[in-house]
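What follows is a single structure, written as structure tokens, with notes after it.
The values are calculated or read from the model by the stated rules, or taken from the named source; none is laboratory data. For clarity, every value in this text was computed on a predicted model and none was experimentally measured. Note that we place each Cβ from the backbone using ideal geometry, even for glycine, and neighbour counts take in every protein chain shown. Calculation scope for accessible area: heavy atoms of the full protein, side chains included, ligands and nucleic acids excluded. Shrake-Rupley method; radii C 1.70, N 1.55, O 1.52, S 1.80 Å.
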Amino acid sequence: MSLFPTTGLRRERLANGVTLLVQRRRSAPAAALITRIGAGFLDEPDTLVGVSHVLEHMLFKGTPRLGPGELARHTKALGGSLNAHTAYERTVYHAVVPVRAAAELALLQADQVRNALIDPDELQRELGVIIQEARRKLDSPSAVTGETLHELLFDQHRIRRWRIGLEQRLERLTRDEVAGYYRARYAPARTIVALVADIDESAGLELLRAAWEDWQGTAEPILPGPIETTPPTVRTRRIESDVTMVDLVLGWRGVGALDPQEPAMEMLSGVLGLGRGGRLTRMLREPGTVSSIGAGHYSAGDASLGAGQATGIFAVGAELEPARLGETLMTIGGAVRELRERGPSARELDRVRAMTRMRWQRRLGRYEGRAMTLVEAEAQGDVTRLDREEAELLAVTPQRIRDLAAEYLTAEAVSGVALFPNGNDTPFDVDRLYAAMQEMPRGPTAVDEVAIITPSRAVISTRGKAAHGVWHLALPGLDILAASHAESTQTTLGAYRLRVEPEGPTTAGLSALAMRAMLRGTGARDASQLALAIESLGGAFSTSLSADSLGFATAVLPEHAEMAAALLAELLFHPRFGPTAVGTERDLLRQDAKAVADDMMRFPFELAFGVAFGDTGYGVPMLGTPESVASFDAPSLQAWHARLLAMGRTTVVVVGDADPEQLAEQAANAFVPWSRDASTSEAANPVIVAAAMYSGFRVESRDRRQSALAMVFPGPTRADPARFAADTWAAIAGGLGGRLFESLRDKRSLAYTVIASTWQRRAAGALLTYIATAPERLDEARAAMLADLGAFVAEPPTDDELHRATAMLAGGAEMSRQTGGAYAGEIADAWLHGAGLEELDDPAAPWQAVTAEAVQQVAAAGLDAARRAEGVVESRPPR
């Protein structure tokens, strides 16, 4: 196990200026490759805003060696996946493949970055796609408020501009402008390449040298953007749109990535908004004032930017009902003033330190995340700063946070943006915001800590046994599954139950409310005490809820695993369900159920599933409806919980870098006492009854710049062996290089987002498609989608298509166990929903066995236009 993030790292700077980083990891046979170019939004002159992002798209459109789409197809054939993103100071190209394909991937990625053609016709088609992406952002409340906040906070700095550009300028970009920017920015000296893989470091460096050492080119001088010279002042922007809730964001200017105060800024944001124990969560989300709230600090800048270009933004964001705006503003203002005047308590900071340490380790767990972290540290001037970063974060004191809040988070420097539902007249102006920021200090109520009691060692009469790499301990009402994961710095624990009853029109959302209410307290702890208990261990409880199963999970430092298991058992078996807490959570769930209509992807699928399965089971919205949720109370949740425990068994999964038998015994010690006390039945799990599917249409109209279309077709269930052929169909149809992607996006420029996927449950399955397009092209998009899907029925996929898809799926299965959390999820899925632990033996094999005929059979059985369920959100012209 690495003592520091850069332990074993090899760094080399080639003669041409390219920097190479290689680090070996052994937890999975995978290779993650990152190429970072020092060219982003802050490098763009005002005449070319958005060109960095346009260029990112064009680097997937061909080189002299590879035609449009061939890079994605080659990467799939290697068993991997790829993508890219553009940020303020960088553009990053990333891919993951099985380690045996690392050398070929290095050559592909180098060719992509070094030799882009930027064909004029391809550029015009892609600009149509990017304009659809820009319209999609305008339909996203959080994107609109976030970008507007940047504009308010800065008068001169380039961070104030809409990042991917505006439609009117994008459509006029020329090939010469894009190619000129490419030549100026994409040069060896601005390039950092990182490889994290199960490969010898010397061999890794050699294959990177072969890909990059002959690249010649000199970066042209880049005129820096203007330095912000105006002092911050109080500003507001009030916007109205077709939304159901207010999207509120407040912000202050922060510090750049290289500023020595940046670690303390991160800790300051953690005190306010990290986890359920954060001040603002306890003061606003817990009493039900807001539906959601968070705080964060974003730092922009690297070593290549000129003086004054690095900057940052400290932001607080919330979603709430309009009537709650005044109370929300005053509470935020009081909480911030409290930090300015008194700082956090030592215990608050200890909680944030523990969670920050865990978040830091999670960031380095996956190969791709580690490679991304390495290139960013190198770009900031010294990759070894990673070895000091965790210590710097943990060394921040309460006094330093107080000083930082007093310096930056002042009432005179705040800006705010609020997006209201159309027609709402709630005031939001400078006077109201400034007054709120001067609100008297409102610190959160002190929390009386309740000790975590780990039960005395349970007497286990049953011996466990090893099967398929997992230690299985079968106890009355309880299955404990434990596995070892090398290089894991955390222990992951999860507790799961199969659901015993489908929800219907009057019970829709009952399970969602019950699980949320369970996090509001147990018999021994209220919501704040429960949050403090798990977060002081570095963990946080996450929930998983589907129509088939539900569960809670967490990940903590190994030395805290037994205490975390005790908390997890307490949460599952002994929830409090206090009437006041249930009522508060019920009101918040009603708001969230209403707000689903604002989500241009989730809402069309919710409509389509309602058509496909009716008003019971799989057709019911997971969050319920505002009407159904209104009827729930504490007794109904208590009855739900009793029914949940009265049938079937509890499954506990624990994975860490330890002996599996020891991990299982720790979990048993925590769960057995609760399991014995609960009235759990030894009856078999619920019988699976196939769910009928129906065809039809459901349409809603909204003020949007795009229309969105979701289709649901019949498909294989989770237990049906044909599901592997269905997954293969989705891999052929969707994603970069997929048929639908190339036909609807690349060739027709119909959309930015085109999706083909599968949905597999115990009693039903489906083939899914989605597209978001310009309103005037909705009928064209539907017809083109159905025509392309019909081709799958008429003809089997080609040999090349089949090879690429099965290689990608098999490769993904091979590489999936990079973290203990991923392995734990795989174990839980196989045990709860699959054929059992034998699925773990060779997870790649089922996809490798799929034939072209099997894919065509799945298509023929499901992709009948007459049998589809369709959900549509049609656009009305914005008012």
**Report entry** Residues satisfying the stated conditions in region 361-370, i.e. under 14 Å from Ala540 (Cβ atoms) and either surrounded by fewer than 18 Cβ atoms within 10 Å (Cβ to Cβ) or modelled with pLDDT of 90 or more (or both)
**Finding:** Arg362
Report task. Evaluate region 833-845: report whether one residue or more is surrounded by 21 or more Cβ atoms within 10 Å (Cβ to Cβ) and part of a helix (DSSP H, G or I). Result -> no
Report summary line: Across (1) over 22 Å from the mean Cα position of the chain (by Cα); (2) open to solvent by less than 10 Å² (accessible area, probe 1.4 Å), Val97 clears everything bar (1)
Report task. Kindly establish whether Arg26 is over 22 Å from Gly369 (Cα atoms), of a type in the set (D, E, K, R) and surrounded by fewer than 18 Cβ atoms within 10 Å (Cβ to Cβ). Result -> no
Query raised in the report: With respect to the numbered conditions (1) of a type outside the set (D, E, K, R); (2) open to solvent by 20 Å² or more (accessible area, probe 1.4 Å); (3) over 28 Å from the mean Cα position of the chain (by Cα), which one is the sole condition not fulfilled by Leu78?
Result: (3)
Query raised in the report: Does at least one position in region 756-767 carry a residue that is more than 14 Å from Gly862 (Cβ to Cβ) and open to solvent by 30 Å² or more (accessible area, probe 1.4 Å)?
Result: yes
**Report entry** Filter result (touching an Asp or Glu at 6+ places or on another chain (Cβ under 9 Å) and either among the aromatic types (Phe, Trp, Tyr) or closer than 24 Å to Arg817 by Cβ (or both)) within region 657-672
**Finding:** Asp657, Gln666, Ala667
Query - Odd one out for Ser816 among (1) assigned to a helix (DSSP H, G or I); (2) within 30 Å of Ala692 (Cα to Cα) - result: (2)
Report task. Determine, yes or no, whether Ala508 is part of a loop (DSSP other than H, G, I, E, B), at pLDDT 95 or above and buried (at least 20 other Cβ atoms within 10 Å of the Cβ). Result -> yes
Query raised in the report: Just for region 334-346: of the residues that are over 29 Å from the mean Cα position of the chain (by Cα) and in a helix (DSSP H, G or I), which one is nearest to Asp242 (Cα to Cα)?
Result: Gly334
Query raised in the report: So, of the residues in region 427-475 that are hydroxyl-bearing (Ser, Thr, Tyr) and assigned to a loop (DSSP other than H, G, I, E, B), which turns out to be modelled with the highest pLDDT?
Result: Thr445
Query raised in the report: Scanning for something at pLDDT below 95, acidic (Asp, Glu) and part of a helix (DSSP H, G or I), does region 316-331 turn up at least one residue?
Result: no
**Report entry** Count of residues meeting criterion [of a type outside the set (Asp, Glu) and open to solvent by 30 Å² or more (accessible area, probe 1.4 Å)] in region 180-198
**Finding:** 3
**Report entry** Out of Pro621, Pro604, Pro635, sole residue that is part of a helix (DSSP H, G or I) and open to solvent by 20 Å² or more (accessible area, probe 1.4 Å)
**Finding:** Pro635
Requested in this report: Filter region 38-48 for residues that are buried (at least 22 other Cβ atoms within 10 Å of the Cβ), out of contact with any Gly (no Cβ under 7 Å at 6 or more places or on another chain) and in a helix (DSSP H, G or I) and give the result.
Outcome: Phe41, Asp43
Requested in this report: Please identify the pairs in which a residue from region 422-444 that is within 27 Å of Arg704 (Cβ to Cβ) has its Cβ atom under 7 Å from the Cβ atom of a residue that is among the aliphatic types (A, V, I, L, M), counting only partners at least 6 apart or on another chain.
Outcome: Thr426/Leu325; Phe428/Leu325; Phe428/Ala418
**Report entry** Filtered residues of region 794-810 (kept if under 24 Å from Ala72 (Cα atoms) and surrounded by fewer than 19 Cβ atoms within 10 Å (Cβ to Cβ))
**Finding:** Glu795, Pro796, Thr798, Asp799, Asp800, His803
Requested in this report: Take Glu262 and decide whether it is closer than 22 Å to Ala395 by Cβ and open to solvent by less than 40 Å² (accessible area, probe 1.4 Å).
Outcome: yes
Query - region 10-19, subset in contact (Cβ under 8 Å) with a residue 24 or more places away in the chain and surrounded by fewer than 23 Cβ atoms within 10 Å (Cβ to Cβ), residue nearest to Ala822 (Cα to Cα) - result: Arg10
Query - In region 511-539, residue surrounded by the most Cβ atoms within 10 Å (Cβ to Cβ) [restricted to those that are in a helix (DSSP H, G or I) and touching a Ser or Thr at 6+ places or on another chain (Cβ under 7 Å)] - result: Ile534
Query raised in the report: Say we look at region 142-153 and pick out the residues that are surrounded by fewer than 22 Cβ atoms within 10 Å (Cβ to Cβ) and either of a type in the set (S, T, N, Q) or under 20 Å from Ser707 (Cβ atoms) (or both); which of these is farthest from the chain's Cα centre (by Cα)?
Result: Thr148
Query - Conditions (1) touching a residue at least 60 places away in the same chain (Cβ under 8 Å); (2) open to solvent by 40 Å² or more (accessible area, probe 1.4 Å); (3) more than 20 Å from the chain's Cα centre (by Cα): number failed by Gly128 - result: (2)
**Report entry** Qualifying residues in region 676-706 (those that are more than 30 Å from Leu863 (Cβ to Cβ) and either hydroxyl-bearing (Ser, Thr, Tyr) or modelled with pLDDT of 70 or more (or both)) - the one most open to solvent (accessible area, probe 1.4 Å)
**Finding:** Ser679
Query raised in the report: What is the one condition in (1) at pLDDT below 95; (2) more than 24 Å from His57 (Cα to Cα); (3) within 31 Å of the chain's Cα centre (by Cα) that Arg185 does not satisfy?
Result: (2)
**Report entry** Qualifying positions in region 302-341 - open to solvent by 50 Å² or more (accessible area, probe 1.4 Å), among the acidic types (Asp, Glu) and in contact with a Lys or Arg (Cβ under 9 Å, 6 or more places away or on another chain)
**Finding:** Glu341
Report task. Being within 26 Å of the chain's Cα centre (by Cα), modelled with pLDDT of 95 or more, over 27 Å from Ala486 (Cβ atoms) and surrounded by fewer than 23 Cβ atoms within 10 Å (Cβ to Cβ) narrows it down to one of Thr86, Thr35, so name that one. Result -> Thr86
Query - For Gly270: the one exception among (1) touching a helix residue (DSSP H, G or I) at 6+ places or on another chain (Cβ under 7 Å); (2) of a type outside the set (A, V, I, L, M, F, W, C); (3) open to solvent by 10 Å² or more (accessible area, probe 1.4 Å) - result: (3)
**Report entry** Options Arg385, Arg351, Arg400; residue that is touching a residue at least 40 places away in the same chain (Cβ under 8 Å), open to solvent by 50 Å² or more (accessible area, probe 1.4 Å) and assigned to a helix (DSSP H, G or I)
**Finding:** Arg400
Report summary line: Only one of (1) touching a residue at least 60 places away in the same chain (Cβ under 8 Å); (2) charged (D, E, K, R); (3) open to solvent by 60 Å² or more (accessible area, probe 1.4 Å); (4) more than 30 Å from Leu20 (Cα to Cα) does not apply to Glu407, and that is (1)
